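Q: Take this structure, written in structure tokens, and hold onto it; I'll ask about it next.
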Amino acid sequence: MVEGSPPPPFPFILGVQRSGTTLLRAMFAAHPDVAIPDEATFLLGMCRRTNSYETSSGFDLDAFVDDLIHGPAWWHSLPEAEVRGAIRRARPETFSDAIRALYRHVAANEGKTRYGDKTPNALGIMPVLAHLLPEARFIHIIRDGRDVALSHVARQTPDEWFIESVGEVALTWSAAVDGGRRTGGRLGRRYREVRYESLIDDPEAVLRPLCEFIELPFDRGMLRYHERPKEVLGVTQRDLDFHEGLYLAPTKGLRDWRRQMPRRDLELFEAIAGRTLEELGYERGVASVPLAARARAQFLRANVAAKRAVSGRLQRYSWWSRVRVARHWLLGPRSRPGAPDRRS
């Protein structure tokens, strides 16, 4: 980029977890000119407190870098001194300038000139990002929620407190997709939707318009991401094992709700998210949702709301205290001597 020229389009790959965001990241990261680092969860909080860095005496670089380094999911492959030096040399005057400097440094480390981001949960802060970065472009990848649910349940990890069942995925998926589409509609031409199923069916037909969307020449290397996924993504073997599909060319049927989802789960999912499925043009699996499934859906909504209320209460405590408080709330008062009082 020529000094003084406008920054190039900054693509953000967004979507519900397990919807294909990692696949799309791998395809763009395989481009010889584009770097797409791992999820920048630290951005979610920092973007909401930009005023704490832009003070009356100028941009507080040290506070910015401190929050980066100590934020959640920081890229530990980047040494702190190196990051601090790179951003300092860029002489940022605003939070937005500092973010650009950070991503330029990431790209330069890979010998590339363009950069982007893949943080699925940033779907909820698109308006904030759009305001901070006028060059931001948002790519929202959407996958049939029933296949998303199958992927979640098959790959569930112990830290996924609120993704314990197909019904809870239905709640999360429908709310996130609906909200993302509403917000995207207000962003106009800066927002683009992509269907996971279309990306799998014909990757080139989807990638070429996306490249035009972010003013990037299409490169056929994007279709060969699976030949060197570890190098493309800069991840460990354990990470690749978690995303087993990255070893393969785009392949249909890794998850197929028609064959793999039990009837009871299908009825519950469609009782919760059937309207969203229909609005997206996905076929229904059941002609009419039984009354029993609707009752289960109502119970689940109330249960998840209660769990999230407890989670919000737990934020006041240390990690160990959270365990004790959760036990107290979920298993009953005085479940063990010394358990914190419910009124605390």
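Q: What number goes with the only condition from (1) farther than 28 Å from Leu23 by Cβ; (2) modelled with pLDDT under 95; (3) not charged (D, E, K, R) that Asn109 does not pass?
A: Failed condition: (1).
Q: How about region 12-23: which of its residues are open to solvent by less than 10 Å² (accessible area, probe 1.4 Å) and over 17 Å from Val177 (Cα atoms)?
A: none
Q: Exactly one condition in (1) assigned to a helix (DSSP H, G or I); (2) modelled with pLDDT of 95 or more is false for His31; which is it?
A: Result: His31 passes all but (1).
Q: Now, a different point. Among what's in region 24-47 and is surrounded by fewer than 18 Cβ atoms within 10 Å (Cβ to Cβ) and of a type outside the set (Gly, Ala, Ser), pick the residue that is farthest from Leu129 (Cα to Cα).
A: Pro32
Q: Also: Inside region 161-240, counting only helices (runs of 4 or more DSSP H) that do not spill past its ends, which hold 3 or more residues that are open to solvent by less than 60 Å² (accessible area, probe 1.4 Å), at pLDDT 95 or above and touching a helix residue (DSSP H, G or I) at 6+ places or on another chain (Cβ under 9 Å)?
A: Helices (runs of 4 or more DSSP H) meeting the threshold: 166-187, 196-201, 203-213.
Q: Consider region 131-152. How many of its residues are part of a helix (DSSP H, G or I) and either in contact with a helix residue (DSSP H, G or I) (Cβ under 6 Å, 6 or more places away or on another chain) or modelled with pLDDT of 95 or more (or both)?
A: Going through region 131-152 one residue at a time, the tally reaches 9.
Q: Now, a different point. Considering Phe28, Phe64, which residue is more than 19 Å from Met126 (Cβ to Cβ) and among the aromatic types (Phe, Trp, Tyr)?
A: Phe64 is the lone residue from the list that is more than 19 Å from Met126 (Cβ to Cβ) and among the aromatic types (Phe, Trp, Tyr).
Q: Moving on to the next point. Here are some conditions: (1) open to solvent by 70 Å² or more (accessible area, probe 1.4 Å); (2) modelled with pLDDT under 95. Asp256 meets all but one. Which one does it not meet?
A: So Asp256 meets the others, but not (1).
Q: So, of the residues in region 1-16 that are in contact with a helix residue (DSSP H, G or I) (Cβ under 9 Å, 6 or more places away or on another chain), in a loop (DSSP other than H, G, I, E, B) and modelled with pLDDT of 90 or more, which turns out to be nearest to Asp219 (Cα to Cα)?
A: Here the answer is Pro9.
Q: A further question on this structure: Checking the structure you have, find out if any residue of region 277-292 is closer than 16 Å to Val169 by Cα, surrounded by 11 or more Cβ atoms within 10 Å (Cβ to Cβ) and at pLDDT 90 or above.
A: Checked against the condition, which is being closer than 16 Å to Val169 by Cα, surrounded by 11 or more Cβ atoms within 10 Å (Cβ to Cβ) and at pLDDT 90 or above, region 277-292 yields at least one hit.
The values are calculated or read from the model by the stated rules, or taken from the named source; none is laboratory data. Keep in mind it's a predicted model, so treat the numbers as computed, not measured. Positions of Cβ are backbone-derived with ideal geometry, glycine not excepted, and every protein chain shown enters the neighbour counts. When the accessible area is computed, the model is the full protein with side chains, heavy atoms only, and any ligands, DNA or RNA have been set aside. Shrake-Rupley method; radii C 1.70, N 1.55, O 1.52, S 1.80 Å.
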